[in-house]
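Comments concern the structure below.
The values are calculated or read from the model by the stated rules, or taken from the named source; none is laboratory data. All values reported here derive from a predicted model rather than from experimental measurement. All Cβ positions, even for glycine, are placed from backbone atoms using ideal geometry, and neighbour counts span all protein chains on display. Protein only, heavy atoms only, side chains kept; ligands, DNA and RNA dropped before computing areas. Shrake-Rupley method; radii C 1.70, N 1.55, O 1.52, S 1.80 Å.
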Amino acid sequence: MKQRGTFETVLETEDFEEGFRGGESSMIESVGTDERKAEGKNFREQPGLSEIKIRAGDLNVHYGTVHALKRVTMDIPKQRVTALIGPSGCGKSTFLRTLNRMNDTIPNIRITGEVVIDGVDIYRPDINVVSLRRLIGMVFQKSNPFPKSVFDNVAYGLRLHGIRDFGILEERAEASLRRAALWDEVKDRLTKSAMELSGGQQQRLCIARALAVNPEIILMDEPASALDPISTAKIEELLHELKKNFTIVIVTHNMQQAARVSDYTAYFYLGELIEFGETNKIFTAPEKKETEDYITGRFG
């Protein structure tokens, strides 16, 4: 099997060939260093070109006449946790959804600017969005397991992409459940309904389902907001393990959680990116007064 590691690889053809047969063999083409620099001329060089996984440049989102996201420019480093914080309606979830083009299906939406992943603009007209979303997993606020068995939940995406060999399905399902720190709790319940799991277990099952198709990026929209403190702690501990192999972007209303789990933090307000930087600096010595007011509870 071709080794993963860059976004340009896109498809592991031996595993996913059947699922994508008849479509594009590759979603995106390799982009050279000079072309990357040209595409990224409007981007800040922080925290370093070689460490950047996602680059947003002058990104705007309009819902009809509502300007929901305004000229957002940000570099998101690879294999780190980046937290998006801010009051309700500030644009952080809108920004998160631009990273895997989930906003595309919303009526009357208009998106301008760039989202560049490993040097490739994902809003190019020739991008295969289905393949894109295999590389960018999504975990939502409310756990959403399918009304199927635990095993079938994890194997769902693999089957969708053409894997039928039960041995491969078993291997990938176990590996994903282990990565999601759930295997020991469900290994004797794989044929039971996922709806019988606790809320925290269901959320970790959804994470395992996202991991099964080998994404490079994981987006999380308040993944622990509906969980009890013990389940929340397990999710947070899991994030520290997952960032060794994945780039993670998480939306959270819980500033303490952002401080605990993230390496970088972005503060949004009224659709604008107010400040972005290392989490320790954002929480101890922010550059903007607006950020300090929000962090210290004087606002929001």
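The table for this structure:
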| item | result |
| --- | --- |
| Candidate set: region 269-299, residues that are under 25 Å from the mean Cα position of the chain (by Cα) and among the small types (Gly, Ala, Ser); chosen: the one nearest to THR94 (Cα to Cα) | GLY271 |
| Qualifying residue in region 40-51 (condition: open to solvent by less than 60 Å² (accessible area, probe 1.4 Å), at pLDDT 95 or above, small (Gly, Ala, Ser) and farther than 30 Å from ASP165 by Cα) | no |
| Residues being touching a Lys or Arg at 6+ places or on another chain (Cβ under 8 Å), in contact (Cβ under 8 Å) with a residue 40 or more places away in the chain and in a helix (DSSP H, G or I) - total across region 92-140 | 2 |
| Every pair of residues 6+ apart whose Cβ atoms lie under 8 Å, when the first sits in region 215-243 and is closer than 17 Å to LEU197 by Cβ while the second is outside any helix (DSSP H, G or I) and open to solvent by 60 Å² or more (accessible area, probe 1.4 Å) | PRO223/PHE140; PRO223/GLN141; ALA224/ASN254; ALA226/GLN141; ALA226/LYS142 |
| Test: residue in region 172-190 that is within 24 Å of ILE85 (Cβ to Cβ) and more than 15 Å from the chain's Cα centre (by Cα) | no |
| The lone exception for ALA226 - which of (1) under 24 Å from ARG71 (Cα atoms); (2) open to solvent by 40 Å² or more (accessible area, probe 1.4 Å); (3) more than 18 Å from the chain's Cα centre (by Cα) it fails | (1) |
| Matching residues, region 235-259, being open to solvent by 70 Å² or more (accessible area, probe 1.4 Å) and under 22 Å from VAL213 (Cα atoms) | GLU237, HIS240, GLU241, LYS244, ASN245 |
| Test: THR232 is in a loop (DSSP other than H, G, I, E, B) and out of contact with any helix residue (DSSP H, G or I) (no Cβ under 6 Å at 6 or more places or on another chain) | no |
| Whichever residue in region 212-223 is over 17 Å from ILE54 (Cβ atoms) and touching a Ser or Thr at 6+ places or on another chain (Cβ under 7 Å) and, among such residues, is most open to solvent (accessible area, probe 1.4 Å) | GLU222 |
| Region 140-153, subset modelled with pLDDT of 90 or more and open to solvent by less than 30 Å² (accessible area, probe 1.4 Å), residue farthest from ASN100 (Cα to Cα) | SER149 |
| Which numbered condition ARG189 misses (of (1) outside any helix (DSSP H, G or I); (2) open to solvent by 50 Å² or more (accessible area, probe 1.4 Å); (3) closer than 29 Å to ASN103 by Cα) | (3) |
| Odd one out for LEU273 among (1) closer than 27 Å to LEU132 by Cβ; (2) outside any strand (DSSP E or B); (3) open to solvent by 20 Å² or more (accessible area, probe 1.4 Å); (4) touching a Phe, Trp or Tyr at 6+ places or on another chain (Cβ under 9 Å) | (2) |
| When residues of region 192-207 are limited to those that are of a type in the set (D, E, K, R) and open to solvent by 30 Å² or more (accessible area, probe 1.4 Å), the one farthest from the chain's Cα centre (by Cα) | LYS192 |
| Conditions (1) open to solvent by less than 60 Å² (accessible area, probe 1.4 Å); (2) more than 14 Å from THR247 (Cα to Cα); (3) at pLDDT 95 or above; number of the one not met by ASP75 | (2) |
| Criterion (under 30 Å from ALA180 (Cα atoms) and β-branched (Val, Ile, Thr)) met by exactly one of THR279, THR291 | THR279 |
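Quick grid of which residues meet (1) over 19 Å from the mean Cα position of the chain (by Cα); (2) open to solvent by less than 30 Å² (accessible area, probe 1.4 Å):
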{"site": "ASP104", "(1), (2)": "no, no"}
{"site": "THR112", "(1), (2)": "yes, no"}
{"site": "VAL115", "(1), (2)": "no, yes"}
{"site": "ASP121", "(1), (2)": "no, yes"}
{"site": "ARG133", "(1), (2)": "no, no"}
